[in-house]
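Report on the following structure.
The values are calculated or read from the model by the stated rules, or taken from the named source; none is laboratory data. This structure is a prediction, so every number in the text was calculated from the model and none was measured. Here the Cβ positions follow ideal geometry from the backbone for every residue, glycine too, while neighbour counts run over all protein chains shown. Note: areas computed on protein heavy atoms with side chains; ligands, DNA, RNA excluded. Shrake-Rupley method; radii C 1.70, N 1.55, O 1.52, S 1.80 Å.
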Amino acid sequence: MQDRSWIAVTVASPAARVSLILWGFGFALVAILAGLMGRGFLVQAMIQLPLCLTALSLAMALHFLWQRLEPRASALRWPPILVACLCASTLQSALDLALYQWLTDALFPEWRNWATIDFTRFGFVFILYTWTFCLNVTLFWALDIGERAKQQERIAAAAEARAQDARIEALRFQLNPHFLLNTLNAISSLIVQGRPADADAMTIKLAAFLHINLAGDVKTPIALADEIATIEAYLDMEAVRFGERLTVDIDCPVDLGNASVPGFILQPLVENAVKYAVASSRRGAKISIVARAADDMLAISVKDDGRAELPLPANGTGVGLRNIRERLAILYGEKGQLRTSASESGFSATLHIPLMMPCQSRGNRALMQATATDPSYSRRAFEGRS
């Protein structure tokens, strides 16, 4: 079975196809030239066929030897290959001349004037076969170089893919430690204040949020409804911290709920809005999340109006914004963009990605239950959703 498998692979290999083209063309040309010289096209084609098959067999033997010697240095590989080519040429030349000599004696006595075997004719045939076998081996060499180049490209592409996956995976662990610490402090404060129900609800929200952020696959697109639900869970917790200082308005049409988006792509934008617009402002801020579709593109914007008291950040210099741009470039190429703008009235970040539907919502029950309580902010996203 192994021998048959080796034969099948060898016959189907690029080396076999190249050899077939080389020798098939050569012997076909010889048959045509002999036919034009009045020696019969059909007869010459029948004569060249066994010679071609023999040459192909010898070529495959040379390829087998080439593969065995491939790990060796060039100085140790080429001399045996050259000797093998000379041996193959000698054998092929002897078979060629012997076949024509037999045909002349048995069937075509009129060929005696040109089919005689002498040193000159043998030398001519030997040189022709040697050149062709050497050319065949050179093609093997070129194929190996091309295959190595392709293999290096595959390795480089795989390494790049792994690096891209690592960069995307690293976004999962960008959970702000200050956010986690503040949330735990808020839970502790609720317990001290004698509000165990609120502390329990806050703990459930935190657990649901951490479960999605740490257990989800950021490389797999999710439904926009799930992304919004994750953001709602995060903002529910922040609402406990900031109370009336945080106002949120989420506006997304129901028919966009199954639009495909990268997982956790909005989280850094919302965290930035909370950090720079709410936490650092005495009067608080309103955060608006709006999703719209137009011309086969999905636009999702995150805006705040609470940065009038703060120095405006440079456009797109934050780590979170830079990572979002990298993710969009990896996933969508030039079609994925993040556009930001800052003014005295606040900061705006808008994602532009191709609109792809449907992406079925996972309907995270734990997350839905965690965000089922009435938050301290308005919510208009996916009205009527169960």
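Quick notes on this one:
- The residue that is most open to solvent (accessible area, probe 1.4 Å), counting only those in segment 284-294 that are within 33 Å of the chain's Cα centre (by Cα) and not β-branched (V, I, T), is R292.
- Within segment 276-285, the set of residues being assigned to a helix (DSSP H, G or I) and modelled with pLDDT of 85 or more comprises Y276, A277, V278.
- Any hit, segment 292-310, residues being modelled with pLDDT of 80 or more, basic (K, R) and part of a strand (DSSP E or B): yes
- A Cβ distance below 6 Å, combined with a sequence gap of six or more or placement on separate chains, defines the contacts here; from segment 63-74, residues that are open to solvent by less than 60 Å² (accessible area, probe 1.4 Å) reach residues that are among the basic types (K, R) in the pairs L69/R77.
- Taking each residue of segment 11-32 that is under 15 Å from L53 (Cα atoms) and of a type in the set (F, W, Y) and looking for partners that are surrounded by 14 or more Cβ atoms within 10 Å (Cβ to Cβ) and modelled with pLDDT of 80 or more with beta-carbon atoms closer than 7 Å, six or more apart or interchain, yields W23/C52; W23/A55; W23/L56; W23/A59; F27/Q48; F27/L51; F27/C52.
- Residues that are modelled with pLDDT of 85 or more and either among the hydroxyl-bearing types (S, T, Y) or open to solvent by 10 Å² or more (accessible area, probe 1.4 Å) (or both) within segment 226-244 comprise just one, E244.
- Sole residue being of a type in the set (D, E, K, R) and at pLDDT 85 or above, chosen from R77, R39, R17, R72: R17
- Cβ pairs under 6 Å, 6+ apart, first in segment 333-345 and on the phi < 0 side of the Ramachandran plot, second assigned to a strand (DSSP E or B) and open to solvent by less than 50 Å² (accessible area, probe 1.4 Å): K335/P354; G336/I353; Q337/H352; L338/L351; R339/T350; T340/A349; S341/S348
- Residue count for segment 236-283, restricted to those that are more than 34 Å from the chain's Cα centre (by Cα) and small (G, A, S): 6
- Scope segment 98-122; condition open to solvent by less than 20 Å² (accessible area, probe 1.4 Å) and in a helix (DSSP H, G or I); matching residues: Y100, L103, T104, W111
- Test result for A273, in contact with a Cys (Cβ under 8 Å, 6 or more places away or on another chain), under 22 Å from E326 (Cβ atoms) and crowded, with 22+ Cβ neighbours inside 10 Å: no
- Test: residue in segment 359-366 that is more than 19 Å from A299 (Cα to Cα), at pLDDT below 90, touching a Phe, Trp or Tyr at 6+ places or on another chain (Cβ under 9 Å) and part of a helix (DSSP H, G or I): no
- Answer from G146, G194 - the residue that is outside any helix (DSSP H, G or I), open to solvent by less than 60 Å² (accessible area, probe 1.4 Å) and either modelled with pLDDT of 85 or more or out of contact with any Leu (no Cβ under 9 Å at 6 or more places or on another chain) (or both): G194
- Of the residues screened, V30 is one that is in a helix (DSSP H, G or I) and closer than 26 Å to W102 by Cβ.
- Listed by first and then second residue, the pairs linking a residue in segment 256-267 that is in contact (Cβ under 8 Å) with a residue 60 or more places away in the chain and more than 17 Å from E232 (Cα to Cα) to a residue that is open to solvent by 10 Å² or more (accessible area, probe 1.4 Å) and assigned to a strand (DSSP E or B), with Cβ atoms under 8 Å apart and 6 or more places separating them unless they lie on different chains, are A259/A293; S260/I222.
- Pairs linking a residue in segment 93-104 that is more than 14 Å from L128 (Cβ to Cβ) and free of Cβ contacts under 8 Å to residues at least 24 places away in the same chain to a residue that is assigned to a helix (DSSP H, G or I) and open to solvent by less than 50 Å² (accessible area, probe 1.4 Å), with Cβ atoms under 8 Å and 6 or more positions apart or on different chains, are T104/W111.
- Among the conditions (1) closer than 20 Å to M37 by Cα; (2) at pLDDT 85 or above, N113 misses just one, which is (2).
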